[in-house]
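A.B. asks: The structure that follows is given in the form of structure tokens.
The values are calculated or read from the model by the stated rules, or taken from the named source; none is laboratory data. Computed from a predicted structure; not experimentally measured. With ideal geometry, Cβ positions are generated from the backbone for all residues, glycine too; neighbour counts draw on all protein chains shown. These area figures cover heavy atoms from the full protein model, side chains too; ligands, DNA and RNA do not enter into them. Shrake-Rupley method; radii C 1.70, N 1.55, O 1.52, S 1.80 Å.
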Amino acid sequence: MKFDWFWYVLAETDELSAGAVLQRKVLGEWLAVFRGPDGKPVAMRDRCMHRNAPLSKGTVSDGCLKCPYHGWTYDAAGKVVAVPAEGDKFKSTASRATKTYTTREEQGFVYVQLASDAPEDIVPFPMPHYGQPGWETVRLLNVFDNDVTNCAENFIDIPHTAFVHLGTFRSSRKQKIEASVRRTQGAVHIEYKNETDNLGLFAKVLNPKGDPIVHRDNFYMPNVTSVQYVFNPKMELYITSQSVPEEDNRTRVYTDVTYNYGPFNKIARPLIRWHAQQIIDQDLDALRDQNEVIARYGREFNNTTADAIHVLVESIRDEITAGRDPRALPVKQAEVTFWV
């Protein structure tokens with residue numbers, strides 16, 4: 001198994017309008033992204049075969065991409081279909097073709113898969129309740145100065161929230177939290193107990209009676225985290241992040257906050273966007289700082305009981321790094337206790 005077998009978000013559907021060209025980077029590969037003549041997304045290596053100009057600075061006409069330097073024009077398959085300097089003597093050859101990658105479009109996202117040998121059973125992650133009646137989705141994009149592993153661990157880490165997000169999301173109360181952690185089939189599932197009203201600014205709105213809430217965190221190989229909160233039968237929230245590795249220490253993160261607050265759905269939308277971005281802004285700073293220290297001293301962690309979750313996430317990503325399938329790892333389960 002390899003990281004390039006998986007599907008990575010390139011853009012939101014609305015970003016890739018007809019005639020637009022986007023520059024993206026995934027796993028170190030620079031891409032020029034546009035829509036072909038049939039309207040389907042095209043992901044092409046961002047390099048003109050002529051003089052190595054960036055195709056992402058070119059223009060699209062009739063679904064073909066024209067290089068901004070000398071006008072070489074590429075079709076959706078990467079084949080050169082015009083060289084202005086050659087006039088009527090132009091002939092297309094295989095040596096002039098540039099590399100293209102498989103794309104697909106669903107759930108409001110444009111995805112790319114870099115490997116040509118990936119198994120068919122590897123598909124984009126199904127975003128919870130996206131587009132379903134009664135559900136609203138707020139979609140956010142942020143770029144983190146850190147790697148995918150550290151981003152994913154942060155997104156499903158409770159202890160940091162009482163410090164990085166003090167008051168915004170949680171406060172330090174020395175409250176005992178118990179959790180069941182399970183690694184299976186390339187995923188880590190966590191279910192928490194004893195959580196009630198330590199929810200920051202909106203605790204009185206989300207859970208006015210302080211009843212126990214349902215809180216589950218999930219990691220899905222190689223780069224998706226999905227957090228679920230159920231506050232009462234009428235209020236449910238998912239925070240799902242797809243971390244796209246641009247390079248070793250730079251990660252483009254698409255976050256969906258999908259919720260069902262009944263009659264409050266539309267009213268809550270701007271508040272949810274603001275609150276979610278406030279929290280993410282704090283994580284952006286924390287992860288940037290962490291990355292700077294790792295650059296100085298190396299990646300060595302001392303783990304607590306609560307970090308059992310992160311150790312299991314790392315075990316899955318380490319397997320892929322080694323070229324192995326994490327789904328073959330034995331099921332591992334643990335009960336952990338920590339205080340927030």
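A.B. asks: On the given criteria, is residue 137 in contact (Cβ under 8 Å) with a residue 24 or more places away in the chain and either touching a strand residue (DSSP E or B) at 6+ places or on another chain (Cβ under 7 Å) or outside any helix (DSSP H, G or I) (or both)?
C.D. replies: Taking the combined requirement at face value, the residue satisfies it.
A.B. asks: Here's another thing I want to ask about it. For residue 87, are the conditions met, namely being free of Cβ contacts under 8 Å to residues at least 12 places away in the same chain, of a type outside the set (Ser, Thr, Tyr) and over 24 Å from residue 247 (Cα atoms)?
C.D. replies: Considered against the rule, which asks whether it is free of Cβ contacts under 8 Å to residues at least 12 places away in the same chain, of a type outside the set (Ser, Thr, Tyr) and over 24 Å from residue 247 (Cα atoms), residue 87 comes out as yes.
A.B. asks: Look at residue 161 and say whether it is under 19 Å from residue 255 (Cβ atoms), modelled with pLDDT under 95 and touching a helix residue (DSSP H, G or I) at 6+ places or on another chain (Cβ under 9 Å).
C.D. replies: Criteria met by residue 161.
A.B. asks: Another one. Taking the options 51, 35, name whichever one is open to solvent by 20 Å² or more (accessible area, probe 1.4 Å) and under 19 Å from residue 112 (Cα atoms).
C.D. replies: One residue alone meets the criteria, 35.
A.B. asks: Residue 268 is checked against (1) in contact with a strand residue (DSSP E or B) (Cβ under 6 Å, 6 or more places away or on another chain); (2) open to solvent by less than 30 Å² (accessible area, probe 1.4 Å) and fails just one. What number does that condition carry?
C.D. replies: If we test residue 268 against (1) in contact with a strand residue (DSSP E or B) (Cβ under 6 Å, 6 or more places away or on another chain); (2) open to solvent by less than 30 Å² (accessible area, probe 1.4 Å), just (1) comes out false.
A.B. asks: Which one is nearest to residue 30 (Cα to Cα), of the residues in segment 65-98 that are among the β-branched types (Val, Ile, Thr) and either open to solvent by 50 Å² or more (accessible area, probe 1.4 Å) or in a loop (DSSP other than H, G, I, E, B) (or both)?
C.D. replies: Applying the filter and picking the extreme gives 98.
A.B. asks: Filter segment 165-175 for residues that are open to solvent by 50 Å² or more (accessible area, probe 1.4 Å) and either part of a loop (DSSP other than H, G, I, E, B) or at pLDDT 90 or above (or both) and give the result.
C.D. replies: Pass one, segment 165-175, residues open to solvent by 50 Å² or more (accessible area, probe 1.4 Å): 166, 172-174.
Within segment 165-175, 172, 173, 174 qualify.
A.B. asks: Let me ask something else about it. From (1) under 21 Å from residue 160 (Cα atoms); (2) of a type outside the set (Gly, Ala, Ser); (3) at pLDDT 95 or above; (4) not in a helix (DSSP H, G or I), pick out the condition that doesn't hold for residue 302.
C.D. replies: Of everything listed in (1) under 21 Å from residue 160 (Cα atoms); (2) of a type outside the set (Gly, Ala, Ser); (3) at pLDDT 95 or above; (4) not in a helix (DSSP H, G or I), residue 302 misses just condition (3).
A.B. asks: Are any residues in segment 101-116 open to solvent by 50 Å² or more (accessible area, probe 1.4 Å) and either free of Cβ contacts under 8 Å to residues at least 60 places away in the same chain or among the polar types (S, T, N, Q) (or both), and if so, which ones?
C.D. replies: 102, 106, 116
A.B. asks: Here's a check for you: in segment 295-320, which residue that is without any contact (Cβ under 8 Å) to a residue 12 or more places away in the chain and in contact with a helix residue (DSSP H, G or I) (Cβ under 8 Å, 6 or more places away or on another chain) is farthest from residue 27 (Cα to Cα)?
C.D. replies: Only one residue fits best here, namely 303.
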